[in-house]
Amino acid sequence: MTVLESIVLGAVQGITEFLPVSSSGHLQIAKALLGVEIEENLVFDVTLHAATVLSTIVILWPEVKKILCGLFSSHFNEEQAYVLKLIISMIPIGIIGFAFKDYLNAMLESPYILTIVGCMLLLTAALLSFAYYARPRIKENISYRDAFIIGLAQAIAAMPGLSRSGSTIATGLLLGNKKSAVAQFSFLMVLAPIMGEMLLNVVKGEVVFGSIGTLPLVCGFLAAFLVGCAACRFMIGIVQKGKLIWFAVYCAIAGVVSIISNFI
């Protein structure tokens, strides 16, 4: 993989991580279009996810700072309750990541990966459409139960092509939570799982830097971070305006194209 290819893939990750169109699915499509073959697919993908985690922290820093300040209070408060909900939401993805990591990595290397991605993009389109047209009763706060259900949606979205942000935001909206609250919760709940996975990969540094190369990995990381900052800010505004239906249309088209391309 060249430096230019890593920058292109990083930019794709940065754009699609926050838009409800599946960053993992678009990464696989971009790799296929560029003709890029990576021995450690999951390692590279997680590194790019770590970059978008950093962009999330930068864009949502006022909220993150407020949570961190309230976290160390001696009395149980809203910030501590919020962190507890985030922790609850991370349980399903932790289990899936631990139990099915090798299976997911093997799936990324499957000759039918574009068909899998296409099917999951169609499922993403269905979820976004359902969330757009549903009219549940609006709640003031995300409950502990809702946090766990949204976490289940994130775990299922480990499938390549099924949008993590699209699944979690759509699930949160279907449960009746406010758009702004769901968007923020969706972006913050992924921080710990990705940072944990990245830490494991750093510990196994010979795998990360040996098979991919230090320079391409760093360039991809920087591209994903810079583009991710812009995409995160943009997506928060889109969710608040309720314009998710256009992403559903896009996912449906991309899904069909992805499936067809696997047989051409």
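Rule-based calculations on the coordinates, nothing more; no lab input. Remember, it's a predicted structure, so these values are computed and weren't measured experimentally. Virtual Cβ from ideal backbone geometry, glycine too; neighbours counted across all protein chains shown.
Taking 74, 163, 55 in turn, the Gaussian network model of the chain (Cα-Cα springs below 10 Å) assigns the largest fluctuation to 74. Normalised Debye scattering of region 2-140 at q = 0.16, 0.21 Å⁻¹ gives log10 I(q)/I(0) of -1.07, -1.37, counting only Cα atoms as equal scatterers and leaving out solvent. On full extension, the segment bounded by residue 195 and residue 241 gains 13.6 nm, given 0.36 nm per residue less the C-alpha separation. With contributions of -39500 (n - 2.57) from each DSSP H run of at least four residues, the per-residue ellipticity at 222 nm computed over the chain stands at -26500 deg cm²/dmol.
Shown in residue order for region 258-264 are the 3J(HN,Hα) couplings computed by the Karplus curve 6.51 cos²θ - 1.76 cosθ + 1.60 at θ = phi - 60°: 5, 5, 5, 5, 6, 10, 8 Hz (x for Gly and Pro).
Projecting the Cα atoms of 245, 103, 213 onto the dipole axis of region 3-261, where Lys and Arg carry +1 and Asp and Glu carry -1 at the beta carbon, places 245 farthest toward the positive end. For the chain, the C-alpha radius of gyration divided by 2.2 N^0.38 Å, with N the number of residues, is 0.97. Each residue of region 120-134 was assigned a 3J(HN,Hα) from its phi angle through the Karplus curve 6.51 cos²θ - 1.76 cosθ + 1.60 (θ = phi - 60°); the sequence is 5, 5, 5, 5, 4, 4, 5, 4, 5, 5, 4, 5, 5, 8, 5 Hz, with glycine and proline shown as x. Taking 13, 154, 184 in turn, the Gaussian network model of the chain (Cα-Cα springs below 10 Å) assigns the largest fluctuation to 184.
Counting other Cβ atoms within 10 Å, keep those with at most 14, restrict to DSSP loop, and tell me which chymotrypsin sites (Phe, Trp or Tyr not before Pro) in region 59-100 are left.
Hits after loop and neighbour filter: 72, 76.
Quick one: grab the alpha carbon gyration tensor of region 109-159, order the square roots of its eigenvalues as a ≥ b ≥ c, and give me rounded if a/c is under 1.5, else prolate or oblate depending on whether a/b is larger than b/c. Oblate shape, in that a/c is at least 1.5 and b/c is the bigger or equal ratio. Less than 5 angstrom separates the built amide H of residue 177 from those of 139, all sequence-distant by 5 or more or on a different chain. Does region 80-151 classify as rounded, prolate or oblate by the C-alpha gyration tensor (a ≥ b ≥ c root eigenvalues; a/c under 1.5 gives rounded; else a/b over b/c gives prolate, otherwise oblate)? Note, shape of region 80-151 comes out oblate.
The convex hull built on the alpha-carbon positions of region 84-207 has an orientation-averaged projected area of 8.1 nm².
Taking 36, 117, 21 in turn, the Gaussian network model of the chain (Cα-Cα springs below 10 Å) assigns the largest fluctuation to 36.
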